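Some notes on the structure that comes next.
The values are calculated or read from the model by the stated rules, or taken from the named source; none is laboratory data. What you see is a predicted model; the values in this text were computed from it and never measured. Using ideal geometry, Cβ is built from the backbone for each residue, glycine included, and neighbour counts are taken over all protein chains shown.
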Amino acid sequence: MSSELAKLFGKQFLVGYLTPLIVIIAVHYLNHAFVRTWVDSVILPLTVDTIATASLIAVVISIVLLAVNMTFIRLAEGYYAESLLTPFRNIQLDRFDRLAISIARFRENAKKGEPSSGAVAQYSKNIEALSTDFPSLREHVLAFKLGNIIRSFESYSGTKYGVDAIPGWSRLEMVAKTEDLQAVSDARTQFDFFFNLHFLGTASALALLTTTDLRSWQIVWDLVILFIFGWPVRWAMHQAARNWGSYVKACFDVNVPKIQEMMDAAMKVTPEKGIATSQWWLFR
C-alpha cells in the first residue's frame, strides 16, 4: 500500500499536477479582483482549517487531473470532433506543405550551385521544424500544433525502425537503462507541468473574466493573466513536448539495436520458433 502511495505522490504527480495548481492559486490570490470576488468568501481568513481544506481540495483536483490527463492531452492534440477542426487542420497542412516545398526547392537549387550560408541555415531550420513539429506522413497531420509535435515522435520508431511505438515501447522498457527511462519520465513530467499550467491557467483566467466589471481597471490585470497563461506558457508547453520527444527518439535509437541483436541471437539458437527479425515487433 505504501509503495502505491509513493508512486501516486511521486515526482510526476507533485511537479506535473499539484505544482501547476498551486501556482495558479497563488497567481489568482495575488490578483486583487480574485481576492475581492472569490477569496474573501472561500479562502480568507487564512486559518489552519481553511489552509488544510484548500490543500485537500488541491490534492483531490490534482488526482482528478492525473486520471483524465490523457483525455485532455488528446483533446488538445485534435483527436476528437475532427470534422469540426478541419479549418485548423488546413492551417497545419499548409505549414507542412510550405516546409516540404521549401526543403525540396533548396535541394534542387543545391544541385545547380553552392547555396549561400543564409539558405543553408534556413534549410536546417526547415528540416528541424518538419522533423520535430510534424509526423512523417502528410495524412497523419492533426489540427493542432501540440498534436503534431507529439505525433512526430510517436511515429518516429515506425518510420525509422518499423516499430509500432505503443507495443514497441513496453518491450523497450525491458532492456533500457534506468537512467534512460528516468530521462524520458523527467521530460514527460516537465511537459505535464506546462500542459496543466496552460490548461488550468487559461480556463481559470477566462472564468475570472466573467466575474469582473468590464469597466473596471481590474480587467487589465485579468487580461494580463490570461495572456501569460495563454501564450508564453503555451510556448513553453510546446518546447517541453519537443524535449520529451527528443528523449523518446533517443531511447529508441539507443535500445532498438540491442533488442534486434537479442532477437537475432535467439533465432540462431531456435530458428524454428523464430519469426523474421524485420517483423518481430510489428504488433499492429
Any chance Ser246 is of a type in the set (S, T, N, Q), under 16 Å from Lys11 (Cβ atoms), at pLDDT 90 or above and part of a helix (DSSP H, G or I): no
Helices (runs of 4 or more DSSP H) wholly inside region 57-160 that include at least 3 residues being over 28 Å from Ala203 (Cα atoms) and either in the same structural domain as Gln239 (by TED's automatic domain parsing) or over 21 Å from the mean Cα position of the chain (by Cα) (or both): 86-112, 117-133
Of the criteria (1) on the phi > 0 side of the Ramachandran plot; (2) surrounded by 18 or more Cβ atoms within 10 Å (Cβ to Cβ), which one Gly162 fails: (2)
Whichever residue in region 103-124 is out of contact with any Phe, Trp or Tyr (no Cβ under 8 Å at 6 or more places or on another chain) and of a type in the set (S, T, N, Q) and, among such residues, is nearest to Arg151 (Cα to Cα): Ser124
Residue within region 116-129 that is in contact with a Ser or Thr (Cβ under 7 Å, 6 or more places away or on another chain) and either loosely packed, with under 14 Cβ neighbours inside 10 Å or over 16 Å from Asp192 (Cα atoms) (or both) present: yes
Some residue of region 170-180 being assigned by TED's automatic domain parsing to the domain that holds Phe229, within 15 Å of Arg242 (Cβ to Cβ), assigned to a helix (DSSP H, G or I) and hydroxyl-bearing (Ser, Thr, Tyr): no
Residue in region 76-90 that is touching a Ser or Thr at 6+ places or on another chain (Cβ under 6 Å) and surrounded by 14 or more Cβ atoms within 10 Å (Cβ to Cβ) present: no
Positions within region 92-114 being more than 17 Å from Ser136 (Cα to Cα) and either among the small types (Gly, Ala, Ser) or touching a residue at least 40 places away in the same chain (Cβ under 8 Å) (or both), in sequence order: Ala110, Gly113
